[in-house]
Amino acid sequence: MRTAPAPAVLAAGLLLALGLTACSTAPEPPTADGRILITYLQKQGDQQYFIAEAAGAKARAAQLGVELTVVNLGSDANRTVSEAQGAIAQRSNGLIVVVPDPAVGPQLVQAAKEAKVALLSSDDQVCTVSGDPVVCAQQNLVPRVGFSGEQLGTQVGKRAAEEFKKAGWNAADTRIVSAWKQDVTVCGDRVKAADEAFFEAVGQVRTIDVPTDNTVAGAQTRIAAALSANPAVKHWVVWGCNDENVQGGIAAAQQAGIGAENVIGVGLGAYLACKDWAAGKPSGMRAALFINGSDVGALAVQTMVDLLQDGKEFPQEAFAPTTMVDPTNWTSSGVKCS
């Protein structure tokens with residue numbers, strides 16, 4: 001039989017799952033024997049970023065003396081709620097979730113609310129009342145640990161602008177490919193900020209928005225179509241929600257016979273970007289923003305334990321640090337190639 005959390009934890013889990021203000025009184029230990037049980041539900045758990053995230057979460061859990069279970073949801077949105085319910089049945093006191101699809105948000109929140117279990121979003125936004133975080137009011141977003149989409153995109157756009165100036169290209173024969181999964185809110189935040197930062201630095205360049213599934217293969221197929229539709233364009237700038245989109249764009253350019261000297265790609269993640277650099281081959285991947293999944297996993301576990309153990313309220317958002325890397329410094333920055 002599941003041991004119920006102490007009253008303060010019940011209240012905190014309920015209120016935080018709804019995105020409201022939690023009680024700041026420190027709760028009693030959440031289980032009879034004082035253990036804290038946390039489940040981390042991740043999408044795409046075989047991707048290098050999420051592998052690192054899981055490793056960071058496990059390391060912090062071990063350091064704090066709490067019990068952590070990591071579940072790989074893959075890309076199956078239907079598993080999110082069932083796995084959450086399974087974790088609750090196994091007496092988890094807190095759920096940290098990277099949703100494969102934000103459409104499951106309200107169901108997930110309801111499951112946590114009914115079980116009076118604390119819910120924290122990792123990486124992607126989750127809305128308590130809608131399957132679309134884009135239209136969700138701030139007060140209805142589940143507290144989140146990860147990165148600021150605006151900050152990430154701004155850094156990508158600025159670096160792309162630097163590379164554009166360095167190359168001496170002009171706007172008339174250049175196009176920007178901006179690629180992302182368009183129902184993921186944080187992706188939209190990233191590419192919008194990249195646009196704004198780039199245009200502020202160098203002026204307007206025509207942008208082609210390409211919807212993808214955020215995979216290399218998916219991005220390559222979609223971007224290849226954009227390239228073939230614009231045969232007169234000499235130079236291409238590529239950015240997107242993650243390394244996969246940019247790597248797919250670079251592969252599409254190579255397939256189309258566009259040389260690396262005519263492509264400026266700025267990745268987001270660096271776990272794929274570094275593969276080209278490690279090979280020592282000419283590549284259109286000029287730089288990438290290193291986002292360390294390990295830092296996010298550790299921060300998510302710490303944030304959950306702070307609530308369950310000490311009654312410290314979840315921040316609405318908490319961000320991990322980032323570093324811009326390129327062929328000259330990636331090895332010294334802790335990037336791990338997948």
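Laboratory data are not the source of any read-out in this text; all were calculated from the coordinates shown. The structure presented is a predicted model; accordingly, all values stated were derived computationally and were not measured. Cβ placement follows ideal geometry from the backbone for every residue including glycine, while neighbour counts extend to all protein chains displayed.
Proximity of backbone amide H atoms, modeled 1.01 Å from N, is registered between Gly74 and Gln44, Gly45 at under 5 Å, excluding neighbours fewer than 5 places apart on the same chain. Residues whose amide H lies under 5 Å from that of Thr323, counting only those 5 or more places away or on a different chain, are Phe290; hydrogens are built 1.01 Å from N in the peptide plane. Between Asp209 and Asp46, the simple label model (points 7 Å from Cα in the Cβ direction) yields a spacing of 3.2 nm. Over the chain, the ratio between the Cα radius of gyration and 2.2 N^0.38 Å evaluates to 1.05. What the phi angles of segment 264-269 give under the Karplus curve with 6.51, -1.76 and 1.60, with θ = phi - 60°, is a coupling list of 10, x, 10, x, 9, x Hz, glycine and proline written as x. Compute the long axis of helix 293-310 from its Cα atoms, compare it with the longest principal axis of the Cα atoms of the chain, and write down the angle in degrees, 0 to 90, nearest 10. Roughly 20 degrees, rounded to the nearest 10. A cut-off under 13 angstrom between Cβ atoms defines the neighbours of Arg60, and their net charge, with Lys, Arg +1 and Asp, Glu -1, is -3. The slack in the chain from Lys312 to Ala217, taken as 0.36 nm per residue of separation less the alpha-carbon distance, amounts to 29.9 nm. Taking each DSSP H run with n ≥ 4 as -39500 (n - 2.57) and averaging over every residue of the chain yields -13000 deg cm²/dmol at 222 nm. Modelled label positions at Val134 and Ser333, each set 7 Å beyond Cα in the direction of Cβ, lie 3.0 nm from each other.
Take the Cα of Gln151, step 7 Å toward its Cβ, do the same at Ala232, and the gap between the two points is 4.3 nm. Straight-line reach from Lys281: taking Cα to Cα under 15 Å and skipping same-chain neighbours fewer than 8 places apart, the aspartates and glutamates in range are Glu261, Asp326.
Rounded to the nearest whole Hz, the Karplus-based 3J(HN,Hα) values (6.51 cos²θ - 1.76 cosθ + 1.60, θ = phi - 60°) of segment 96-103 follow the sequence 10, 10, 10, 6, x, 8, x, 4, with x at glycine and proline. Using the Cβ-Cβ distance between Gln63 and Gln107 with R0 set to 30 Å, the FRET efficiency works out to roughly 0.40. The calculated FRET efficiency for the pair Ala89 and Ala201, based on their C-beta separation and a Förster distance of 51 Å, comes to about 0.45.
In this structure the amide hydrogen of Asp183, modeled in the peptide plane, comes within under 5 Å of no amide hydrogen from residues 5 or more places off or on another chain. Along segment 122-129 the Karplus relation, 6.51 cos²θ - 1.76 cosθ + 1.60 evaluated at θ = phi - 60°, assigns HN-Hα couplings of 10, 6, 9, 7, 10, 9, 6, 10 Hz to successive residues, with x for each Gly and Pro.
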